[in-house]
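Novice: Pasting in a structure now, in structure tokens, and then I'll have a few things to ask.
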Amino acid sequence: MAYKTVRINLTLTQSLRQSVLVIYTGGTFGMVYEPQTGQLVPFDFDQVVDRLPELKRLTFDITLLTLPNIIDSSNMKPAIWVELAQIIQDNYRQYDSFVILHGTDTMAYTASALSFILVGLNKPVILTGAQLPIGVARSDARENFITALEIAAAVDTAAVDSAALDAAAVEEGFRPIVPEVCVYFNSLLLRGNRSTKRESVQFNAFASENYPHLATAGVSIDYNRPFIRPWQPDQPLTLRTVLDPNVTILKLFPGITQPVVESIVNIPNLRGIVLETFGAGNAPTDEWFLDTLKRAIDRGVSVFNVSQCEGGRVTQGHYQTSQQLLQIGVVSGADITTEAAITKLMVLLGQERDPARLRTLLAQPLCGEMND
């Protein structure tokens, strides 16, 4: 597929300059006021430097690629996750890092999905966006975008200092500081599959309750290096491109009735359920509830236990109200987010037909999305 691209050619002459591919999917970030109507409309990225003259001060190459059909993130779909992953794979050797401009509402889902789809990723993929459009005076778009670009292009200075400046070094490239999928927003860099949107009216839209921030951007960008995934240059990038959307989320609440649970659990062709339980993974012990789940598990539906709490973890069996979930074959999601749980289910169901093997993979961390 041919994509519209805009190249920002910087006048600097660095022999070892980094290159970043920016992928614009849509969302609040790229909206400006149309003078004639006063309405917010998508702006043309051909004029991005006019809107963001700060880009000319950055010391690396930037190419902007726009999806043919930009979307509100509420319309995000698994097919677009795969398209984004394929764009990254197709451009993997040409660019050192990637920034994805994305609407905030489903950004944590996309970041989680890409972390599972991009197997062997060894370069930065940073998602960012804005709470206010770039065409608004108080917009947070500028800072989020500029800092996401700087993080994407950041290299390990120790590796740079020790590298021999020859053709081999240029071919190999320098070691990126953050070789994983992340979300950058409002001064915080978060692991993508540990992030969740918590605010719709404040600028601090994203949180990572169960994993430390990977970086904090103030006067300088301070990296929390012990918690960043190690650089592993010997791994080739491959994609998991088959996702199964036959999944659902069942959120428990006091007084939930048997017909409601059965109507969800018995959806035709259903293969996976993220069960949002109370506290540390607790659920009702009513016989009808446990029997309904067990019948689903016996016919091959995977049930993944995730806490409704933002912080903490599922500890199945710690209380009597979760012991029976363990006994009937519900898989503990430990401290995984709902966004990571549902996307992990989609990706693994697209690869695995054996329920036992699937349960094993669900219960173990694949790319830092949970602590086992």
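Novice: With the dipole of the chain worked out from charges on the C-beta (+1 for Lys and Arg, -1 for Asp and Glu) around the Cα centre, which of Pro212, Gly192, Gly279 lies farthest toward the positive end?
Specialist: It is Gly279, whose Cα lies furthest towards the positive end.
Novice: What shape does the chain take by its C-alpha gyration tensor, where a ≥ b ≥ c are the square roots of the eigenvalues and a/c under 1.5 counts as rounded, a/b above b/c as prolate, and the rest as oblate?
Specialist: Values: a/c = 2.12, a/b = 1.68, b/c = 1.26.
Prolate.
Novice: Further question: Please give the charge dipole size of region 194-319, origin at the Cα centre, charges +1 on K and R Cβ atoms and -1 on D and E Cβ atoms. Round to the nearest 20 debye.
Specialist: Working: 12 positive and 12 negative charges, 64 e Å.
With Lys and Arg at +1 and Asp and Glu at -1, about 300 debye.
Novice: Between Asp291 and Lys251, what is the label-point separation in nm under the 7 Å Cα-to-beta-carbon projection?
Specialist: 2.9
Novice: Which one, Pro53, Pro226, Val201, projects farthest toward the positive side of the charge dipole computed for region 4-239 from Cβ point charges (K/R +1, D/E -1)?
Specialist: Val201
Novice: Hey, another quick one. If you bin the C-alpha pair distances of region 247-362 every 5 Å from 0, what whole percents do you get?
Specialist: Histogram of Cα-Cα distances, whole percents per bin: 2, 13, 25, 27, 21, 10, 2, 0.
Novice: In addition: What number, rounded to the nearest 500 deg cm²/dmol, is the helix-based mean residue ellipticity at 222 nm of the chain, given -39500 (n - 2.57) per DSSP H run of at least four residues and division by all its residues? Display every interim value, and only then the final one.
Specialist: Values: 11 runs with 104 residues, N = 372.
-8000 deg cm²/dmol, from helical runs alone.
Novice: Right, another one. Taking 0.36 nm per residue of sequence separation and subtracting the Cα-Cα distance, how much length would be gained by fully extending the chain between Ser19 and Arg299, in nm to one decimal? Write down the numbers at each step before the final one.
Specialist: Working: separation 280, 0.36 × 280 = 100.80 nm, distance 4.94 nm.
Contour length minus the Cα-Cα distance gives 95.9 nm.
Novice: Over the chain, calculate the relative contact order: mean separation of alpha carbon pairs under 8 Å at least 6 apart, over the residue count, as a percent. Show your work: numbers first, answer last.
Specialist: Values: 753 pairs, mean separation 53.2, N = 372.
Relative CO of the chain lands at 14 percent.
Novice: What ranking do Trp231, Trp288, Trp81 get, fewest neighbouring Cβ atoms within 10 angstrom at the top? It would help to have the intermediate numbers written out before the result.
Specialist: On the way: Trp231 16, Trp288 12, Trp81 24.
With the fewest neighbours first, Trp231, Trp288, Trp81 line up as Trp288, Trp231, Trp81.
Novice: Once you charge only the Cβ atoms, +1 for Lys and Arg and -1 for Asp and Glu, what is the size of the charge dipole of the chain about its Cα centre, to the nearest 20 debye? Walk me through the intermediate numbers first.
Specialist: Numbers: 29 positive and 38 negative charges, 58 e Å.
Once rounded to the nearest 20, the dipole reads 280 debye.
Novice: Something else now. Beyond a 23 Å Cα-Cα separation, which of these cross-linked pairs lie in this structure: Lys56/Lys197; Lys56/Lys77; Lys197/Lys251; Lys77/Lys294; Lys4/Lys77? Each step should come with its number before you reach the end.
Specialist: Details: Lys56/Lys197 31 Å; Lys56/Lys77 34 Å; Lys197/Lys251 18 Å; Lys77/Lys294 30 Å; Lys4/Lys77 21 Å.
Pairs exceeding 23 Å: Lys56/Lys197; Lys56/Lys77; Lys77/Lys294.
Novice: Hey, another quick one. How do Glu180, Glu199 line up, fewest other C-beta atoms within 10 Å first?
Specialist: Details: Glu180 24, Glu199 14.
In order of increasing Cβ crowding within 10 Å: Glu199, Glu180.
Novice: Kirkwood hydrodynamic radius for region 44-163: how many Å is it when counted over pairs of different Cα atoms? Don't skip to the answer; put the middle values down first.
Specialist: Working: mean 1/r = 0.0639 Å⁻¹.
Every distinct Cα pair counted, the radius reaches 15.7 Å.
Novice: Residue separation times 0.36 nm, minus the C-alpha to C-alpha distance between Arg7 and Gln308: what's the value?
Specialist: Values: separation 301, 0.36 × 301 = 108.36 nm, distance 4.41 nm.
This chain segment gains 104.0 nm when fully extended.
Novice: Within 10 Å of each residue's Cβ, count the other Cβ atoms and sort His213, His102 from fewest upward. Could the numbers behind the result be given before it?
Specialist: Numbers: His213 17, His102 28.
Listed from fewest to most nearby Cβ atoms, that is His213, His102.
Novice: Still on this structure, please answer the following. In whole Hz, what ³J(HN,Hα) sequence does region 53-66 give by Karplus (6.51, -1.76, 1.60; θ = phi - 60°), x for Gly and Pro?
Specialist: Each residue's phi maps through the Karplus curve to give x, 4, 4, 6, 8, 6, 9, 8, 7, 10, 10, 9, 10, 10 Hz.
Each reported figure results from applying straightforward, stated rules to the coordinates on display, with no laboratory input. Predicted model, so just to flag it, every value in this text is computed and none were measured. Heads up, the Cβs are rebuilt from the backbone with ideal geometry, glycines too, and the neighbour counts pull from every protein chain shown.
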